[in-house]
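The values are calculated or read from the model by the stated rules, or taken from the named source; none is laboratory data. It should be emphasised that the depicted structure is a prediction, and the values quoted were computed from it without experimental measurement. When we count neighbours, we look across all protein chains shown, and the Cβ atoms used for this are built from the backbone with ideal geometry, even at glycine. These accessible areas exclude ligands, DNA and RNA; they are computed on the full protein's heavy atoms, side chains included. Shrake-Rupley method; radii C 1.70, N 1.55, O 1.52, S 1.80 Å.
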Amino acid sequence: MSVLSAANQKKVETGLVSEGYLKAEKIAELKEKARLASTPFFSFLINEGQVSGEALTKIIAKINHIPYVNLSESRIDKEVLRLLPKEVATRYMAVPLGQIKNRLVVAMLDADNIQAVDYLSKRIGRPLKVYTASEEGIQTVLSQYGEDVEADVTRTIGSTLTDEEHQEIVEKDTKKHKDIKTIVEDSPISKALATILEYAANHRASDIHIEPLEKELKIRCRIDGVLREIMKLPKSTEPPLVSRIKILSNLKIDEHRIPQDGGFTVLVGANPIDLRIAISPVVWGEQVVIRLLDKSGTSLLLEDMGYYGRALKTIRKALEIPSGMILTSGPTGSGKSTSLYALIQEIKNDSINIVTLEDPVEYKMSGINQIQVNPQVGLTFATGLRSILRQDPDVVMVGEIRDKETAQLAVQAALTGHLVFSTLHTNSAAGILPRLLDMGIEPFLIASTVHTVIGQRLVRRLADNKQPYQSDIAETEALLDGIGKILPTAKDDPKKIAEDLGYSDLPQSGQNAYTLFKGQDTLDTPGGYKGRMGLYEVFNIDEKIQQLILKHSTSSEIQRAAIQQGMVTMRQDGYLKTLAGLTTITEVNRVAASDNSA
């Protein structure tokens, strides 16, 4: 807030009254409180929530006859941000908005300070067109400089690197590589990699793709399940960047012909993040995919993950059974492992011995014994599972059933009184059972050991800045086709049905339109989404489904039987969450396949 003369302060107070923010007697009362608190009056008003900084700035701009701009929800193009260096913008609390002819349009906190404006104009060597903006608005734009990670990286490493510079960086990094907990060292490529990783971690990315093209290097991040390009770098940056990653991962830097896998841990802020590295030779060089495993902020409560209603009740009932198998399915990156950890979290206590076999160990949990698979020394899922069964376990978690031998051992463990958790790659919960048949497991063994199966996908969650709207004809038809049969009708008790499905209330079936929600595309919520949640389908293996297994029935026949049992399909689960304002129809349709059986 700029310093005001006594006369101008009085004008602002008058403006607050005329604009309807405060009454005159209220201002007098607040001025006395500010005096007793030894706090500047306008700062006191903002701190007490009597008026927003934005409103106050607007009134001050009007009094000083300076054009005002509200930047609180503005998103400035990165090409415009590059017109004013971040260091200068931060020092002078001035941000670029664009350019008119040769004049740079800027918004400043102290736009009425003629000396500051003149000095800034001389500093950047261009005449200015000045607007005034609030401190909050200026900070909103300053934070967007962090979005331009491409400019940061390019400035760090320069536009090109010679072969000699590349070799010098590799040799320097090789000599210095001692502590894999930090990658921010003094070589340009180290700082560039640190910038990329920090950007990915701060934007909740699960993967970073470094992809060589013929004449450049493309870098993309998978954020909330969707890949987004964040930058393109000169082709000359590829060799040192890939070499640096190999060094940190303890891989061979001179091997370019075969794939290599590794990993290391970095600190981003105060959070340790495990990185899994996969490097593969491609036509134009070597592709690097980095999986980020950030444990901070991940809830392992079933409700927080999106398990509601019938699915939640089915799982909790299944966890009361001391033996048998609970299996979860879905594609890579659908949260299967996280579901298994949540199941363990539900039952973990000092009276049972829980042993896990994982590749890799993604979450280190106290109170359980976790084993890392290492095929290079002969520790596979199958050999590890044999060893586990000699350790007197009550509960066994096998990260993934990949082959017949592991499947047979898991079934044997369930038959001998153990509770076994594991995952398979199938398209639906019902597909788990035929998949086990394909692995050579006898039908009667599947029917007698597997008692609960889970199918899942992840959808993007709507951010808090969502807005309601009425569904159009296509959306209404999709909802009625998907969940019309399970929504309450006029004859039903709506509260009872909503509670059974896990919601406080649900609209009736057959309406002409439904209240849905859409997010706002902002810097922190691209597309209106922030974070992800699961869509689930869960069912028990009852007597009818056991008979279908013995008959070698298809997954669609098992799916129909599960729906008759009361299972809510993944698509239905998604539509219910859409009505609850948690996600969108578009997002559900993107990840959940249509189910004609529903």
If you check Ile549 against the conditions, is it touching a His at 6+ places or on another chain (Cβ under 8 Å) and either modelled with pLDDT of 95 or more or of a type in the set (Val, Ile, Thr) (or both)? no
Anything in region 56-66 that is within 39 Å of the chain's Cα centre (by Cα) and open to solvent by 10 Å² or more (accessible area, probe 1.4 Å)? List them, or say none. Thr57, Lys58
Please go through (1) under 30 Å from Tyr536 (Cα atoms); (2) crowded, with 20+ Cβ neighbours inside 10 Å for Glu238 and return the number of the only condition it doesn't satisfy. (1)
Region 289-317, residues that are at pLDDT 95 or above and among the aliphatic types (A, V, I, L, M): Val289, Ile290, Ala311, Leu312, Ile315
Answer yes or no as to whether Ile279 is over 29 Å from Ala592 (Cα atoms) and surrounded by fewer than 17 Cβ atoms within 10 Å (Cβ to Cβ). no
Scan (1) surrounded by fewer than 17 Cβ atoms within 10 Å (Cβ to Cβ); (2) of a type outside the set (Lys, Arg); (3) not in a helix (DSSP H, G or I) for the single condition Val266 breaks and write down its number. (1)
Which of the residues that make up region 302-328 are loosely packed, with under 14 Cβ neighbours inside 10 Å and under 17 Å from the mean Cα position of the chain (by Cα)? Asp304
Taking region 359-378 and keeping only residues that are charged (D, E, K, R) and touching a Phe, Trp or Tyr at 6+ places or on another chain (Cβ under 9 Å), one is left with Asp359, Glu362
In region 247-263, residue nearest to Tyr363 (Cα to Cα) [restricted to those that are outside any loop (DSSP other than H, G, I, E, B) and touching a strand residue (DSSP E or B) at 6+ places or on another chain (Cβ under 7 Å)]: Gly263
Ile273: passes all of (1) within 28 Å of the chain's Cα centre (by Cα); (2) modelled with pLDDT of 90 or more; (3) not in a helix (DSSP H, G or I) but (2)
Any residue at all in region 220-233 that is open to solvent by 10 Å² or more (accessible area, probe 1.4 Å), touching a Lys or Arg at 6+ places or on another chain (Cβ under 9 Å) and more than 30 Å from Thr525 (Cα to Cα)? no
When you look at Thr383, is it polar (S, T, N, Q), surrounded by 22 or more Cβ atoms within 10 Å (Cβ to Cβ) and either assigned to a strand (DSSP E or B) or out of contact with any Asp or Glu (no Cβ under 7 Å at 6 or more places or on another chain) (or both), yes or no? no
Quick one: which strands (runs of 3 or more DSSP E) lie wholly within region 394-481 and hold at least 3 residues that are touching a residue at least 12 places away in the same chain (Cβ under 8 Å) and open to solvent by 10 Å² or more (accessible area, probe 1.4 Å)? 450-462, 467-470
